[in-house]
Amino acid sequence: MKFIAIVTALIALVAPAAAFVPTGGARTRGLTTIKMGYVPDGLTPAQYKALKAKEEAQAKANKKKAMKGSVEDLTTWQARSAKKFPVRVCRLSRHQCRSSTNPTPDQKSIT
């Protein structure tokens, strides 16, 4: 009697889990390949394909002739940057240091 109760309990525990196991037939039955694509209004698929090919060719040509990066070296950039933004040494912390034209109240007492 206990054996039958144990077997029944095991079946009751396994049966709900079997509902989540996919069956092989449902996945392979009725597979079709859908062939869809985007074509703008007013163009035929052939015209759109030609337009995309033309745009790709233009992008490829532009990539070859377009300048990549800067032609200015680091030393030149640093010199130009130093003229534009002069560095001011301040005894205050970085967040308290302001330009000399508009000092904070703390800077007035130090300078």
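Working out 0.36 nm times the residue gap between Glu72 and Lys60, then minus their Cα-Cα distance, what length gain in nm do you get to one decimal? Mind dumping the intermediate values first?
Numbers: separation 12, 0.36 × 12 = 4.32 nm, distance 2.51 nm.
That pair, Glu72 and Lys60, stretches by 1.8 nm at full extension.
Around Pro45, what is the net charge, scoring Lys/Arg as +1 and Asp/Glu as -1 over all other residues with Cβ under 14 Å from its Cβ?
On the way: positive: Lys35, Lys49, Lys52; negative: Asp41.
Combined, the nearby Lys, Arg, Asp and Glu give +2.
Every read-out reported here was derived from the displayed coordinates using simple, explicitly stated rules and does not represent laboratory data. Note that the coordinates shown come from a computational prediction; the quantities given were computed from them, not determined experimentally. In this analysis, Cβ positions are derived from the backbone assuming ideal geometry, glycine residues included, and neighbour counts consider all displayed protein chains.
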